[in-house]
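Novice: Questions regarding the structure given below will be posed in turn.
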Amino acid sequence: LTRSIYQLDKAAFAKELEGIKDICAFLKKHGLEVGLWGWSFLVKDLKDEFHHIGNFDGQVDASAACPLDPKFKEFVGNYATELAKTGVDMLLYDDDYRLAYWSGSMGCGCDVHMQKIQEILGEDISPEDFKKKMLSGGKNRYRDAYMTVNREALTGFASHIRKCVDAVNPNIRIGVCSCMNWDFDGTDPAEISRIMAGNTKPFLRLIGATY
């Protein structure tokens, strides 16, 4: 099954949950294992409820929320809890589960990210200057800080989802779809899939499109 992008409207989400429950019950009645596939960071009608994913040049994605934002992480954890209650056997998060390669641009340069980066560096630096230093020369502490913060964002998000689903049913398998994000985020889809798996068997969808 596929679900929509995250719904901020509680009534719309409740309606979607009922539909998932009905279809899940029908499929299981016929002996089928049921998986639910959906977006990772995209939110319907997102305005200023969460920090948007953005680059270091001031551009933001109008529909994407940053996984390092505590409010968004809590929202998605609650969402996963409710999805787990529908009776599905598997949850699959789509290939927008990435930051460094986002719509052809590097992310994330949101306020939450920049605060973490500045804490690691011990200096006040603008997103524009940080980008210049990060991409200049060989290995440097700016690039290390970037990788560290992105890794924290993505692994922490995965751990939180697993924890929330475990509270409902620890046997539900959770996986992720990979994209062009195997070496830029301080982590990779293989590690994310193992974190999401918890005590279940990990699964990972490899990229299949010729982007």
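The values are calculated or read from the model by the stated rules, or taken from the named source; none is laboratory data. Since the model is a prediction, treat every value here as computed from it, not as a measurement. Every residue, glycine among them, receives a Cβ derived from its backbone with ideal geometry; neighbour counts consider all protein chains shown. Heavy atoms of the whole protein, side chains included, go into the accessibility calculation; ligands, DNA and RNA do not. Shrake-Rupley method; radii C 1.70, N 1.55, O 1.52, S 1.80 Å.
Novice: Of all the accessible heavy-atom surface of the chain, with the other protein chains kept in place and a 1.4 Å probe, what percent is carbon and sulfur?
Specialist: Numbers: 5670 of 10550 Å².
Of the solvent-accessible surface of the chain, carbon and sulfur hold 54 percent.
Novice: Let me know the shape class of the chain, please: from the alpha-carbon gyration tensor, a ≥ b ≥ c as square roots of the eigenvalues, rounded when a/c is under 1.5, otherwise prolate if a/b is greater than b/c, or oblate. Numbers along the way, then the final one.
Specialist: Values: a/c = 2.25, a/b = 1.83, b/c = 1.23.
Prolate, since a/c reaches 1.5 and a/b exceeds b/c.
Novice: State whether the range 1-74 is rounded, prolate or oblate according to the following rule on the C-alpha gyration tensor (a ≥ b ≥ c being the square roots of its eigenvalues): a/c under 1.5 gives rounded; otherwise a/b larger than b/c gives prolate, and the remaining case gives oblate.
Specialist: Values: a/c = 3.36, a/b = 2.40, b/c = 1.40.
It comes out prolate by the Cα gyration axes.
Novice: Per residue, how much accessible surface does the chain expose to a 1.4 Å probe? Answer in Å², no decimals. Please list the in-between numbers first.
Specialist: Numbers: 10550 Å² over 211 residues.
Spelled out: the 1.4 Å probe surface of the chain, per residue, equals 50 Å².
Novice: Next question, about the same structure. When you count, for each residue, the other Cβ atoms within 10 Å and take the mean per peptide, how do 175-181, 54-60 rank with the highest first?
Specialist: Working: 175-181: 20.4, 54-60: 16.1.
Highest to lowest by the protection proxy: 175-181, 54-60.
Novice: What accessible surface, in Å², does a 1.4 Å probe find on residue 45, ignoring ligands, DNA and RNA and rounding to the nearest 10?
Specialist: Probe radius 1.4 Å; accessible area of residue 45 about 100 Å².
Novice: Taking the chain as a Gaussian network, Cα atoms linked when under 10 Å apart, which of 167, 84, 65 shows the biggest mean-square fluctuation?
Specialist: For the chain, modelled as a Gaussian network with Cα springs under 10 Å, the answer is 167.
Novice: Placing +1 at every Lys and Arg Cβ and -1 at every Asp and Glu Cβ, with all other atoms neutral, what dipole size does the range 49-206 have around its Cα centre, in debye to the nearest 20? Walk me through the numbers on the way to the answer.
Specialist: Working: 18 positive and 23 negative charges, 109 e Å.
In debye, rounded to 20, the range 49-206 gives about 520.
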